[in-house]
Amino acid sequence: MAARSIASLTISFGMVSIPVKLYSATEASRAISFNLLHKACGSRLKQQYFCVKEEVPVAREDMAKGYEFDKDQYVMFTPEELKAMEEAGTHSAEITEFVPLKTVDPVYFDKAYYLGPDKGGAKPYALLARALRDSGRCALGRWAARGKQYIVMIRPVEDLVEGLVMQQLLYAGEVRSFRDVDIPKTEVKPAELKLAQQLIEQQASDKFDPGAYTDEVRARIEAAVQKKVEGQEVTMAEQPETGAQVIDLMEALRASLEKKPAKRAEPAKPAMRKAAKK
């Protein structure tokens, strides 16, 4: 089934403009979620807001947004004031610079979108995708949408097709410095390093294959849901006991090298069916 675009966009740099279509790269709808129910009758519960001062429920029309500038002290904003501060959507991503792709730390990666050429944009789209791939660089720019302004990175797809991905990036203030992590200075012996490198080579692969990994927790939940739908009792398996911790690093590395890695088996995907309404 062909993907459906969620928006149209124009990528611009210099005097070049590329019309593109935006596609969601991930599927949030596949996440399993549960609803809160009343234990006694199984009915769905609704959330209700209470005023902590007057201890009374507050209707939606009587609510306002406020910012806590000090302990229990707020400044209030009207919807009109909040709207005036929003960034106006431009339906365009303006490229400001090109940097080596490897210099962008993945810790800054946020939501990703696939880009496809829109009407009249096939040629410049293919040209940009090829140029970025051959140069090993990515494009950085800004994109305004949903009242916010985002840093975006446009990078070539490492696939059989020459395509582009637009990756939202976090701002510097949204990423903590790794210098805040306390890492004591530790000596690494050459023999330990050699064994560790052998272990890495033993389990090395040429590339990342996401299909080799499956969400086993999701599969267990889907199976349990299906049993509940069919009126069966759900029992949870006991967690296996973990072995004793090996203190000797060299012994642990040797034991790891001697142990052959097990092949990853893909669990069956149970089908989830909705119960018929009574």
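The values are calculated or read from the model by the stated rules, or taken from the named source; none is laboratory data. Note that the structure is predicted; figures quoted are calculated from it, not measured. For neighbour counting, all protein chains shown are included, and Cβ atoms are generated from backbone atoms with ideal geometry for every residue, glycine included. Accessible surface areas use protein heavy atoms only, side chains included; no ligands, DNA or RNA. Shrake-Rupley method; radii C 1.70, N 1.55, O 1.52, S 1.80 Å.
The residue of region 17-33 that is surrounded by the fewest Cβ atoms within 10 Å (Cβ to Cβ), among those that are modelled with pLDDT of 85 or more and not polar (S, T, N, Q), is ALA25. When the residues of region 41-51 are filtered to those that are modelled with pLDDT of 85 or more and not basic (Lys, Arg), the one that is nearest to VAL225 (Cα to Cα) is SER43.
Within region 136-160, the set of residues being modelled with pLDDT under 90 and of a type in the set (D, E, K, R) comprises ARG146, LYS148, GLU158, ASP159.
Restricting GLU158, GLU201, GLU187, GLU192 to those that are over 27 Å from the mean Cα position of the chain (by Cα) and not in a helix (DSSP H, G or I) reduces the list to GLU187.
If the condition is being in a loop (DSSP other than H, G, I, E, B), touching a residue at least 12 places away in the same chain (Cβ under 8 Å) and either more than 21 Å from the chain's Cα centre (by Cα) or surrounded by 13 or more Cβ atoms within 10 Å (Cβ to Cβ) (or both), then region 1-16 contributes only SER5. Check whether at least one residue in region 205-221 is β-branched (Val, Ile, Thr), open to solvent by less than 70 Å² (accessible area, probe 1.4 Å) and either at positive phi or assigned to a helix (DSSP H, G or I) (or both), and report yes or no. Taking every residue of region 205-221 in turn, at least one turns out to be β-branched (Val, Ile, Thr), open to solvent by less than 70 Å² (accessible area, probe 1.4 Å) and either at positive phi or assigned to a helix (DSSP H, G or I) (or both). So, GLU55, is that one open to solvent by 60 Å² or more (accessible area, probe 1.4 Å) and modelled with pLDDT of 90 or more or not? Judged against the criteria, GLU55 is not a match. Criterion applied to ARG130, ARG179, ARG146, ARG142 was being open to solvent by 100 Å² or more (accessible area, probe 1.4 Å) and more than 20 Å from VAL20 (Cα to Cα), and the one residue passing it is ARG179. Contact annotation: residue pairs with Cβ atoms under 8 Å, 6 or more positions apart or on different chains, pairing a residue in region 183-194 that is surrounded by 10 or more Cβ atoms within 10 Å (Cβ to Cβ) with a partner that is part of a helix (DSSP H, G or I), are ALA191/MET250; GLU192/LEU249; GLU192/MET250; GLU192/LEU253.
I'd like the full set of residues that are more than 20 Å from ARG30 (Cα to Cα) and among the aliphatic types (A, V, I, L, M), limited to region 200-228. Correct list: ILE200, ALA204.
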